[in-house]
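One structure below.
The values are calculated or read from the model by the stated rules, or taken from the named source; none is laboratory data. Note that this is a predicted model, so its numbers are computed, not measured. We place every Cβ from the backbone using ideal geometry, glycine too, and count neighbours over all the protein chains shown.
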Amino acid sequence: MNEREYNEAEGIRRSDLWKMEDSPEKFKYFLEHPVEQTPAMAFGSACHKFILEPESFLDEYAIAPEGINRRTKEGKEQWETFCNANEGKTIVNAEDMQIAAEMRTALDHCPLANKLIYGKGETEMPFFWTDKRSGELCKVKLDRLVKINRRYAVVDYKTAQSAETEKFNRAMFTLGYTLQAAMYTEAVMRCKKLRRRPDFIFVVQEKKAPYSVNVIKVSKEVMEYGVKQFHTLINKLHTCKMLDEWPGYLPVGGGMNHTDLPNWVDFDEEDE
């Protein structure tokens with residue numbers, strides 16, 4: 001299943017469900033008004049494809065030829081010929097591809113990351129399942145599904161500003177990677193009919209030279225947090241769909257919010 005087929009298939013995916021964390025209103029809005037891909041997002045998608053599936057990269061992408069001056073008549077004709085020959089493909093520039101190649105080389109220099117990404121296992125695996133509690137259809141597409149000591153493990157390749165363990169750990173909570181770990185392992189559990197939840201491992205690589213690599217396994221405590229997060233958000237989604245209510249920051253079903261004392265406030269009065 002290619003990316004287009006996966007995107008068009010029915011089911012809620014992690015990147016969409018994560019928007020429920022902000023508000024149902026924003027979830028519904030962005031579902032109906034998809035964000036246009038930025039150059040950074042385009043590079044990330046191309047790099048992801050090049051790293052994980054280099055053998056089929058040129059089936060979906062075309063590398064723009066260098067030296068074409070598109071301001072001249074000849075250059076415009078050359079560019080038009082190139083675009084016509086690669087109709088339906090995403091065009092990436094040679095400079096970005098050089099960076100992707102250097103990142104691939106850096107991965108090769110990390111034996112553990114290289115084994116997880118290019119060793120025995122399955123790549124770009126789609127899974128579909130129905131959540132038992134909410135009845136909502138869910139979908140995920142795993143970067144890699146491998147076995148370590150006869151036990152399944154989900155491997156996810158991420159690019160980041162920093163691959164340092166503590167910095168990436170903080171980013172996990174702000175970018176929804178805890179939810180991702182829960183949903184992806186939930187998918188494998190349900191579809192493979194496993195009794196135990198698989199491990200989830202991030203292969204994290206920095207986007208600037210020297211393109212440092214880190215391998216980070218999600219802990220049991222973080223996974224438990226992600227699972228609770230998944231069930232909370234998927235149930236909220238189901239309730240919104242049943243009520244056909246998509247509130248902003250107010251509770252689903254009505255009511256209002258209340259203030260709370262922050263942890264740093266000392267409420268106890270000192271004796272005079």
task = Assess whether residue 19 counts as being of a type in the set (D, E, K, R), closer than 22 Å to residue 202 by Cβ, part of a helix (DSSP H, G or I) and not assigned by TED's automatic domain parsing to the domain that holds residue 128.
result = no
Considering only strands (runs of 3 or more DSSP E) wholly within the stretch 109-173, the ones with at least 3 residues that are touching a Ser or Thr at 6+ places or on another chain (Cβ under 8 Å) and surrounded by 13 or more Cβ atoms within 10 Å (Cβ to Cβ) are 137-148
| query | Does any residue of the stretch 187-196 turn out to be touching a helix residue (DSSP H, G or I) at 6+ places or on another chain (Cβ under 8 Å) and closer than 27 Å to residue 101 by Cα? | reply | no
In the stretch 83-108, anything surrounded by 15 or more Cβ atoms within 10 Å (Cβ to Cβ) and in a helix (DSSP H, G or I) is listed as 96, 97, 99, 100, 103, 104, 106, 107
Check your understanding: Going by the structure shown, is residue 51 in contact (Cβ under 8 Å) with a residue 60 or more places away in the chain, more than 30 Å from residue 248 (Cα to Cα), of a type in the set (Val, Ile, Thr) and not assigned by TED's automatic domain parsing to the domain that holds residue 226?
Key -> yes
**Asked** Going by the structure shown, is residue 44 of a type in the set (Gly, Ala, Ser) and either in a loop (DSSP other than H, G, I, E, B) or assigned by TED's automatic domain parsing to the domain that holds residue 156 (or both)?
**Response** no
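Any residue that is assigned to a loop (DSSP other than H, G, I, E, B), over 30 Å from residue 95 (Cα atoms) and of a type in the set (A, V, I, L, M) - is there at least one of those in the stretch 192-199?
Scanning the stretch 192-199 turns up at least one residue that is assigned to a loop (DSSP other than H, G, I, E, B), over 30 Å from residue 95 (Cα atoms) and of a type in the set (A, V, I, L, M).
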Out of (1) over 13 Å from residue 155 (Cα atoms); (2) assigned by TED's automatic domain parsing to the domain that holds residue 201; (3) in contact (Cβ under 8 Å) with a residue 12 or more places away in the chain, the one residue 82 does not meet is (2)
The residue from 245, 206, 221 that alone is among the acidic types (Asp, Glu), within 17 Å of the chain's Cα centre (by Cα) and over 16 Å from residue 184 (Cβ atoms) is 206
Scanning the stretch 195-213 for residues that are closer than 16 Å to residue 153 by Cβ and in contact (Cβ under 8 Å) with a residue 60 or more places away in the chain, the one surrounded by the most Cβ atoms within 10 Å (Cβ to Cβ) turns out to be 203
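Just checking, how many residues over the stretch 176-190 are of a type in the set (A, V, I, L, M) and either outside any helix (DSSP H, G or I) or without any contact (Cβ under 8 Å) to a residue 12 or more places away in the chain (or both)?
The number of residues fulfilling the criteria is 1.
Given the condition farther than 28 Å from residue 104 by Cβ and under 26 Å from the mean Cα position of the chain (by Cα), answer yes or no: does some residue in the stretch 248-263 qualify? Lay out the reasoning, then the answer.
So in the stretch 248-263, the residues farther than 28 Å from residue 104 by Cβ come out as 248-263.
Within this subset, residues satisfying the condition of being under 26 Å from the mean Cα position of the chain (by Cα) are 248-249.
Yes, the stretch 248-263 has at least one match.
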Out of (1) exposed (fewer than 14 other Cβ atoms within 10 Å of the Cβ); (2) within 29 Å of residue 129 (Cβ to Cβ), the one residue 69 does not meet is (2)
